[in-house]
Each structure stands twice: as C-alpha cells, then as structure tokens.
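The values are calculated or read from the model by the stated rules, or taken from the named source; none is laboratory data. What you see is a predicted model; the values in this text were computed from it and never measured. Cβ placement follows ideal geometry from the backbone for every residue including glycine, while neighbour counts extend to all protein chains displayed. When the accessible area is computed, the model is the full protein with side chains, heavy atoms only, and any ligands, DNA or RNA have been set aside. Shrake-Rupley method; radii C 1.70, N 1.55, O 1.52, S 1.80 Å.
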Amino acid sequence: MSTEPNAPTPSVVDRVRVIEPGDAVVACAVLGETPVLALGEGELLFAGTEARRVTAHPGGVILAAASDGSRLLTGGDDGRVVETIADGTTRELFSGKAWVDTVALGPSGAAAWSAGKTVYALTGKGEPKTLVAPSTPGGIAFAPKGLRLAIAHYGGVTLWFPNASTKPERLEWKGSHLPVTWSPDGRFIVTAMHEPQLHGWRVADGANMRMAGYPGRVRQMSWTATGNGLASAGAQSLIVWPFTGKDGPMGKQPAIFASAASRISAVACHPATEITAIGFEDGLILLVRLSDGAEILVKPPGAGMVTALAWAARGSTLVYGTGGGAAGVLTL
C-alpha cells in the first residue's frame, strides 16, 4: 500500500462478514439487497442472512456473468444462458451447443450473449436477433440508452442496432479487443486489449484514443460515480483516465492511486460517491477515495486473486470474491 510504513491504514476488516463459498468465485452481484456469488462449478450462492444455493448450470461451469441489480445473467460451458432474479428464480433464455463466452444486460429487460462468432440479442418477446461477428467476441455491452450493442472482436468494435435493419457500423483498430464498455453519457467506447493497453473511440466521429503504460493485461474497468473517469485494473496502482470534455483522455495523463506490490485484478466504483474498490492479485482489497487518495483496508492479502467486486445499487454494500474461494460482504 502507498501509506508510510509506520502509518497504519484505516481498516474496516472487522465489519466484513466472511463467507465460505467452497468454490472459486467467478462474479459477484447484489440483487436488491442480497449479495450473490456466481461460482465456477455452476452454482449461485445467495449470501443473505440465510444462505442458500441455486444451481444455475447443473454440471456446467459459469464462464460469464452480468448484473443490473435486479437480474443476474450467466453463461456457461453447457451452452445455456440463465437469468436469475432476487428471489432465486431462474429462467433459461437460451440453450445451444457452443460455450457462451460473453453476456450483457441492457435497458427494458434486454439481454445479449455470444457463442462462437454469433451474437444474440433478446430485446423483447420472440426469438433473439442474431449477428455473426468478424471473430469470436471478447466482450459485449449495451449502450446506456437505447438498444445498441457494442461487440468487441479482433480488429475493433462493431456497433449493432438489433431492432433495426441498418447495417452495423465498425470502429477499427488493429489487435484483439476483449472487455468493452460505454461511457455513462454514451459518448465514448473503450476496450481492454489483449496487449496491456486500453483503446477508445469517440462515437460521434470514430476518433481513436490509446491508453497505454500497463505492465499487464487490463481485465476489468469501471466508470466513476460522476462518469468523468474510467478506473482500470492491470497495474500495481489504480489508474483512472479522465473523460471530461469532448476529447476525453486524448492528450491527458491519468490519475494514479494506491500503489502496492501486486497488480490490481478487480475494480468497482461506488455508484454514488467518488470511491473505488480495488482488489489485487495477492488477495488485498482496498477502498480508495479519489479526491485525495485516502485508503481503507477491506481485506488483507491471501486466499487467491480477487476476481470479483460489486456494489449494491445504493452503495450500502460491497461484496467480493477470490479465485481461491474466499468471499465477504462489507456493509457501510
């Protein structure tokens, strides 16, 4: 941590309710007020006051998950896409033969996923709309408004209106693009690449923006509460790129916080205040206040790489999980 050796970091460790999921944690969510852990072997652990388990992918492995606070969408190596709501009810949205590699949730009940090179978008009643991507998608994401989908793949991003007959648009940049995210105002799209860098586009005119300097691949990104900054994992410090003004981060330097010995593997910004939760490859978890860089210890190192962090919609609860099967819930 970046604090002086003799200056103890404030801690909320004693306020964390420790959970023992008994499996690697793939993703976290908070459905309503209930923390939920998506586990590698196909189960969902509802970690409320009375824990219970729901088998979303019997005999399968959960490969991808997304949540909007009321639904948790999971995709697995069983070729199924399953929607789970806060009371534990599950609904199969799709069943195929290929692994489901990516999933996304959108406005008005929309959902999307990819299997192989095919992207499916369910935007209402009836069968999903489909689009064949140029290569296997590394990530998909709905725009914050409207039913427009960004599909990251080799060579750039495809923008697709599933309910329209218009030809999809292409934002091009060489290389393999993996997770993708829209800025909250819809003006920018950013991907994490196979190489240790981010790449962005201004949607209005396709202007490119390259964000480099990472020692490792960026696996997670999260927009700050104001939407003016993009926090990213991939380095030994938290890197937050500025997205104010019409040019976003072009020609600007990022803000850097919370240096540590291990790389950051997970990041989740608080939904209402300028605080970011960061998890490291050695299991350490911190809260970082972006106004002055102040740090609070949530979890000391140990129990494997932090793989998932998620806030409740109102920011009252933080849930975390690790690849080593550790998990916990912090109530603020």
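Summary table below
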| quantity | calculated |
| --- | --- |
| Some residue of the range 21-31 being surrounded by fewer than 21 Cβ atoms within 10 Å (Cβ to Cβ) and assigned to a strand (DSSP E or B) | no |
| Close pairs from the range 8-23: first in contact (Cβ under 8 Å) with a residue 12 or more places away in the chain, partner among the hydroxyl-bearing types (Ser, Thr, Tyr) and in a loop (DSSP other than H, G, I, E, B), Cβ under 8 Å, at least 6 apart | Thr9/Thr3 |
| Matching residues in the range 237-248 - criterion: being open to solvent by less than 10 Å² (accessible area, probe 1.4 Å) and in a loop (DSSP other than H, G, I, E, B) | Phe243, Gly248 |
| Count of residues meeting criterion [over 19 Å from Ala29 (Cα atoms) and touching a Ser or Thr at 6+ places or on another chain (Cβ under 7 Å)] in the range 72-99 | 2 |
| All positions within the range 143-160 that are open to solvent by 20 Å² or more (accessible area, probe 1.4 Å) and under 27 Å from Thr244 (Cβ atoms) | Pro144, Lys145, Gly146, Arg148 |
| Lone unmet requirement of (1) modelled with pLDDT of 95 or more; (2) outside the structural domain of Lys129 (by the TED database); (3) out of contact with any Lys or Arg (no Cβ under 9 Å at 6 or more places or on another chain) for Phe46 | (3) |
| Check on Gly234, in a loop (DSSP other than H, G, I, E, B), on the phi > 0 side of the Ramachandran plot and modelled with pLDDT of 95 or more | yes |
| 3 or more residues open to solvent by 50 Å² or more (accessible area, probe 1.4 Å): qualifying strands (runs of 3 or more DSSP E) within the range 91-134 | 129-132 |
| Selection within the range 116-165 - under 19 Å from the mean Cα position of the chain (by Cα), among the hydrophobic types (A, V, I, L, M, F, W, C) and more than 24 Å from Gly76 (Cβ to Cβ) | Ala143, Val157 |
| Count of the range 161-180 residues which are surrounded by fewer than 22 Cβ atoms within 10 Å (Cβ to Cβ) and closer than 13 Å to Ser114 by Cβ | 2 |
| Check on Arg71, touching a residue at least 40 places away in the same chain (Cβ under 8 Å), basic (Lys, Arg) and open to solvent by less than 50 Å² (accessible area, probe 1.4 Å) | yes |
| Matching entry among Thr331, Thr317 (being of a type in the set (Ser, Thr, Tyr) and in contact with a Pro (Cβ under 7 Å, 6 or more places away or on another chain)) | Thr317 |
| Matching residues in the range 194-231 - criterion: being free of Cβ contacts under 8 Å to residues at least 40 places away in the same chain, open to solvent by less than 10 Å² (accessible area, probe 1.4 Å) and outside any loop (DSSP other than H, G, I, E, B) | His199 |
| Candidates Thr9, Thr49, filtered to the one that is assigned to a loop (DSSP other than H, G, I, E, B), open to solvent by less than 40 Å² (accessible area, probe 1.4 Å), of a type in the set (Val, Ile, Thr) and farther than 30 Å from Gly126 by Cα | Thr9 |
